[in-house]
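Have a look at the structure below, then the notes.
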Amino acid sequence: MSLLEQIDKSKTPKHIAIIMDGNGRWAKKQGHMRLYGHNFGVESVRETLKAAKELNVRYLTLYAFSTENWNRPKEEVDGLMDLLVRSLASELRELSSSGVRLKTIGDIKGLPDHCQKELDESIEFTKNNDEITLILALNYSARWEILSAVNQLIDDAKNDVFNAEVTDEVFASYLTTSSVPDPELLIRTSGECRVSNFLLWQIAYTELHFTEVLWPDFKREDLYKAVLDYQSRERRFGLVSEQLT
Ligand code: IPE
Ligand code: IPE
Ligand code: MG
């Protein structure tokens, strides 16, 4: 049986989040500059998105640029911003005709103007699509997100917009992911076993899948392996096995 045939399509995660890591090492291994790896990573995004859609995944969140990534060499940062704009411009029609809705999370106002413009237009262009939502985490960090939510809550409390108890649901509604369910599966490529400031609130009960595969080598079979790994887990949410049936 192929990997795809082994997947129970009625039990695929509704939301998969991916820390796309290893572009630089992939490029270096072949004697190229780091940006070469980032360029090849776009093909993995394309493949993963198609495979996710075919598996009935409703939300795919990709960690594309962290707030910490600004500290990389300027040439790499500029190259990543250009790659974002070029990829959106060249992929937009195809994305939209295949039913992809684009969303972002992160401090988008901190991105260069040309990136914000391309993102705004792409979000507007795809806003009525509903096959799958592709969420790009850009200038994102979970601590930034949590602190922004706390500060907004304090403001709303001061201004009497809000005067009730802060529950899980209320807090989640202040996060940038407010309209999106928590991911059931988080994948990180490149062998690093850390979450690097990604979705800290949302992954409280997420299944984690770490693979040695570097992001530019990540293809549909790798997504299938991750989903099969997810389907082999028993998600207990604090209960005991016997309570789950
Ligand atoms: C992930 O690959 C892409 C971004 C963080 C933008 P890296 O660029 O981190 O590649 P490695 O981890 O250095 O190999
Ligand atoms: C995390 O990867 C950020 C993205 C994938 C965008 P990094 O390569 O920046 O993370 P660290 O530095 O290895 O933790
Ligand atoms: Mg990295």
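For the chain, report the accessible area per residue in Å² (1.4 Å probe, heavy atoms, rounded to an integer).
Details: 13040 Å² over 245 residues.
Value returned for the chain: 53 Å² of accessible area per residue.
What per residue convex hull volume, in Å³, do the alpha-carbon atoms of the chain yield?
151 Å³
Please tell me the relative contact order of the chain in percent, rounded to the nearest whole number, where contacts are Cα pairs under 8 Å and at least six residues apart. Relative contact order of the chain: 29 percent. With the alpha-carbon atoms of the stretch 1-69 aligned to their principal axes, the span from lowest to highest coordinate is 42, 32, 14 Å, starting with the largest.
Taking each residue as 0.36 nm, the span from Y205 to N56 lengthens on full extension beyond its C-alpha to C-alpha distance by 51.6 nm.
Given a 1.4 Å probe and every protein chain left where it sits, what share in percent of the accessible area of the chain is carbon and sulfur? Let's see the in-between values first.
Working: 6560 of 13040 Å².
Carbon and sulfur together cover 50 percent of it.
Less than 5 angstrom separates the built amide H of G22 from those of W215, all sequence-distant by 5 or more or on a different chain. Computed about its Cα centre, the charge dipole of the chain is approximately 560 debye, with only Lys, Arg, Asp and Glu carrying charge at their Cβ.
The stretch 101-177 and the stretch 15-45 have Cα centres spaced 26 Å apart. Per residue, the convex hull spanned by the Cα atoms of the stretch 68-205 amounts to 150 cubic angstrom. Phi-derived couplings, Karplus 6.51 cos²θ - 1.76 cosθ + 1.60 at θ = phi - 60°, listed residue by residue for the stretch 35-42: 4, 4, x, 4, 4, 5, x, 5 Hz, with x used for Gly and Pro.
Rounded to the nearest whole Hz, the Karplus-based 3J(HN,Hα) values (6.51 cos²θ - 1.76 cosθ + 1.60, θ = phi - 60°) of the stretch 74-87 follow the sequence 3, 4, 5, 4, 4, x, 5, 5, 5, 4, 4, 5, 5, 5, with x at glycine and proline.
What number, rounded to the nearest 500 deg cm²/dmol, is the helix-based mean residue ellipticity at 222 nm of the chain, given -39500 (n - 2.57) per DSSP H run of at least four residues and division by all its residues?
Values: 8 runs with 104 residues, N = 245.
The helix contribution divided over the chain gives -13500 deg cm²/dmol.
Sequence-distant contacts, meaning Cα pairs under 8 Å at least 6 residues apart, place the relative contact order of the stretch 1-142 at 29 percent.
Debye sum, Cα scatterers, the stretch 151-245, no solvent: what log₁₀ I/I(0) at q = 0.11, 0.18, 0.25 1/Å? Scattering profile of the stretch 151-245, log10 relative to I(0): -0.50, -0.95, -1.30.
The values are calculated or read from the model by the stated rules, or taken from the named source; none is laboratory data. Quick caveat, the model's predicted, so the values are computed rather than measured. Note that each Cβ is placed from the backbone with ideal geometry, even for glycine, and that neighbours are counted across all protein chains shown. Surface areas here come from the heavy atoms of the whole protein model, side chains and all, with no ligands, DNA or RNA. Shrake-Rupley method; radii C 1.70, N 1.55, O 1.52, S 1.80 Å.
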